[in-house]
Amino acid sequence: MKLFLLLSAIGFCWAQYAPNTESGRTSIVHLFEWRWIDIALECERYLAPKRFGGVQVSPPNENAVINNPPRPWWERYQPVSYKLCTRSGNENEFKDMVTRCNNVGVRIYVDAVINHMCGNGVAAGTRSTCGSYFNPGSEDFPAVPYSGWDFNNGKCKTGSEEIESYNDVSQVIDLGGEPIKSSEYFGNGRVTEFKYGAKLGTVLRKWNGEKMSYLKNWGEGWGFMPSDRALVFVDNHDNQRGHGAGGASILTFWDPRLYKMGVGFMLAHPYGFTRIMSSYRWPRHFVNGQDVNDWIGPPNNNGVIKEVTINPDTTCGNDWVCEHRWRQIRNMVVFRNVVDGQPFTNWWDNGSNQVAFGRGNRGFIVFNNDDWALSSTLQTGLPAGTYCDVISGDKIGNDCTGIKIYVSGAGNANFSISNSAEDPFIVIHAESKL
């Protein structure tokens, strides 16, 4: 069962076509519910130096304000219009973020919510992040504008016409909330006029029922890829429920050790284009696969999102968690960059939950997810030398603050990992050689 949980990390990592990241940058991070001001700063001070390829941002378009429960994360997925004003910031702040992040080689990927207008539980009025009037009951969204002619009613085959069970795949795929028709507006470009798309140089993902579209060459219009390809993550947001809010690597783990190993496996494995999560609450509490605190919104003061502050030890403060700044996670992002293009090699396992594999002659990773210690001599495929384990520490100059691993001339190395270790896995790669 443990091995299944570990390997399940790659199950949420979908194939990627032309992600538009700079060469040598192979992962993006979802800065969930961050303000545009803070994302711009994070691109410059951390993401670019640590060689992250991009940032997925929360939906930037106007949404309904939800007060019961108070300002949950999912209010961002109740669009009212395509105006650029949310609790993350306004249009000028969004433009500034895109420019500053692109200037340091970090791309912005938009979570574009275009066919999930407010559900029946949202009352008519002007309680929206830009103050636009909307009426879900009469399907009236004049700020777009959309009217009843633009909606497919009766798609969700339940008594309430809403999703009643997130374990029912047909309900989740059909979505609730009366999705917008795709036949007309996807075809004539009305929806693709999003100001935060082609006009601002971001990458979008959207699904028209047959093909995934993407921006060509940073603002030169839209192109289509075959239906068997995916742009970043082909999924609808509700399909991710039970796996944690919004992420490929957000698994149903309450144990940080399992979480870090799961993300480590995903970033070490050659499959797909990877995204990690940066959140604002830990540990997560799951009951039957559902987060019992699922409604919680970002750290805020009376609904205003708090600034992401940085502590002296480089972790985040002000109630933000920032998993992407954890040593184990950001060093695995570097590992993936270092081994990019290398084959999957030298698999080893003990028939239980101790596994290891290499990436050509550039990297090697070993996991101990058993209830007993691991001690084995394994073929790494790496050149002879002494390497710094980048999970237990960092390479600083010619020294290592963590465990040192000695690789023989034949490529073999001895690995010892206690089952009670804080992080029961070891990672070495070409750039961690001392």
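What to note about this one:
- Electrostatic tally near Ser132: other residues with Cβ closer than 12 Å to its Cβ, Lys and Arg +1, Asp and Glu -1, net 0.
- Solvent-accessible surface (1.4 angstrom probe) belonging to His269, in square angstrom, nearest 10: 40 Å²
- Violating pairs (Cα-Cα greater than 31 angstrom) within the set Lys260/Lys433; Lys50/Lys95; Lys50/Lys404; Lys260/Lys395; Lys306/Lys433; Lys83/Lys306: Lys306/Lys433
- Accessible-area ranking of Leu382, Leu434, largest first, probe 1.4 Å: Leu434, Leu382
- For segment 282-434, average projected area of the Cα convex hull in nm²: 11.8 nm²
- Volume per residue of the convex hull around the Cα atoms, evaluated for segment 368-427, comes out as 70 Å³.
- Long-range amide H partners of Asn346 with built H, under 5 Å: Gly358
- Annotation: for a label point projected 7 angstrom from Cα along Cα→Cβ of Ser416, residues of segment 355-398 with backbone N closer than 13 Å are 373-377.
- Counted charge near Phe357, where neighbours are those whose Cβ lies closer than 14 Å (Asp, Glu -1; Lys, Arg +1): +2
The values are calculated or read from the model by the stated rules, or taken from the named source; none is laboratory data. Owing to the predicted nature of the structure, the values given are computational and were not obtained by experimental measurement. No Cβ is skipped: glycine too gets one built from the backbone with ideal geometry, and neighbour counts run over all protein chains shown. Only protein heavy atoms, including side chains, enter the accessible area calculation; ligands, DNA and RNA are left aside. Shrake-Rupley method; radii C 1.70, N 1.55, O 1.52, S 1.80 Å.
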